[in-house]
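Working notes, structure below.
The values are calculated or read from the model by the stated rules, or taken from the named source; none is laboratory data. Owing to the predicted nature of the structure, the values given are computational and were not obtained by experimental measurement. Backbone-built Cβ (ideal geometry, glycine too); neighbour counts: all protein chains shown. Ligands, DNA and RNA are stripped out before the accessible areas are found, and what is left, the full protein with its side chains, is counted by its heavy atoms. Shrake-Rupley method; radii C 1.70, N 1.55, O 1.52, S 1.80 Å.
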Amino acid sequence: KEFSRCKNMHGLSTRLHFRFALKCYRRLQPLSFAIAASASARAVNTKTRESTREAGKPQASRIYLLSRHQPEVTTFPEALRALRAYSLSEIPETVEVSLKVDMTLKKNKVRDPFRGSILYPHSFGTERKLLFFAEESLAEEARMAGADLVGGEELIAKVQEGDLDFDFDVCLATPGIVDKLRPLQKKLRALMPATRRGTVVENIAEGVAQFKRSLEYKCDKHGYLNTPIGKVEEN
């Protein structure tokens with residue numbers, strides 16, 4: 001109505017009047033939406049406050065910061081009872097533990113990812129097959145300790161030529177023969193015995209027992225470590 005009155009007063013043409021009205025509408029449209037949203041929000045807030053006053057107690061907010069949220073903590077026996085209660089599979093299920101390790105050493109310095117193995121008091125799962133490189137004088141001791149395949153220079157030659165028909169999970173060696181294993185670096189790769197990995201052992205019986213029944217764990221660069229700790233049905 002106001003535009004029509006201005007058109008009649010100033011003699012604006014219909015075309016100019018339409019363009020002017022369309023321009024104003026485009027500018028005012030976002031503002032109208034904002035005003036409508038604000039009014040709707042005020043109405044919702046007013047209704048919420050009224051319902052809260054009627055209830056006689058404030059409502060608990062379900063919106064929170066994840067960093068400030070404290071997860072529910074339970075004891076290990078209670079957690080194990082819950083796992084057994086929800087275990088429906090006929091196959092024995094494995095219980096795993098997830099840890100978050102602080103990788104910070106000093107300011108602006110972090111710890112490198114690490115790995116290792118742990119020997120539990122009660123073994124569970126499948127035992128790993130073990131290949132043992134030892135001198136002839138120590139070969140019988142390694143066999144008595146439980147190594148699956150033991151050998152010296154003749155075993156090194158088989159591995160180097162690719163004639164070894166044996167699948168193994170762990171490879172150990174004694175300090176006296178480890179220097180002769182250098183040609184096998186490309187064959188063994190990650191299974192190559194090394195002092196820093198603990199796979200070059202002096203105590204044969206202890207080394208075989210540890211690596212045959214132990215479980216490996218690995219911590220990534222973010223500090224997350226997952227490893228199995230037992231079976232659900234075990235005590």
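General remarks:
- Verdict on Thr174 being open to solvent by less than 10 Å² (accessible area, probe 1.4 Å), among the β-branched types (Val, Ile, Thr) and in contact (Cβ under 8 Å) with a residue 24 or more places away in the chain: yes
- Subset tally (residues that are of a type in the set (S, T, N, Q) and open to solvent by 30 Å² or more (accessible area, probe 1.4 Å)) for the stretch 205-235: 3
- Scan of the stretch 112-123 for residues that are open to solvent by 100 Å² or more (accessible area, probe 1.4 Å) and over 14 Å from Pro228 (Cβ atoms), ordered by number: Asp112, Arg115, Pro121
- Out of Thr195, Thr199, one residue alone is at pLDDT below 95 and out of contact with any strand residue (DSSP E or B) (no Cβ under 8 Å at 6 or more places or on another chain). It is Thr195.
- When the stretch 124-164 is limited to residues that are basic (Lys, Arg) and closer than 17 Å to Glu206 by Cβ, the one that is most open to solvent (accessible area, probe 1.4 Å) turns out to be Arg143.
- Residue that is nearest to Asp169 (Cα to Cα), among those in the stretch 145-154 that are out of contact with any Leu (no Cβ under 8 Å at 6 or more places or on another chain) and touching a residue at least 24 places away in the same chain (Cβ under 8 Å): Ala145
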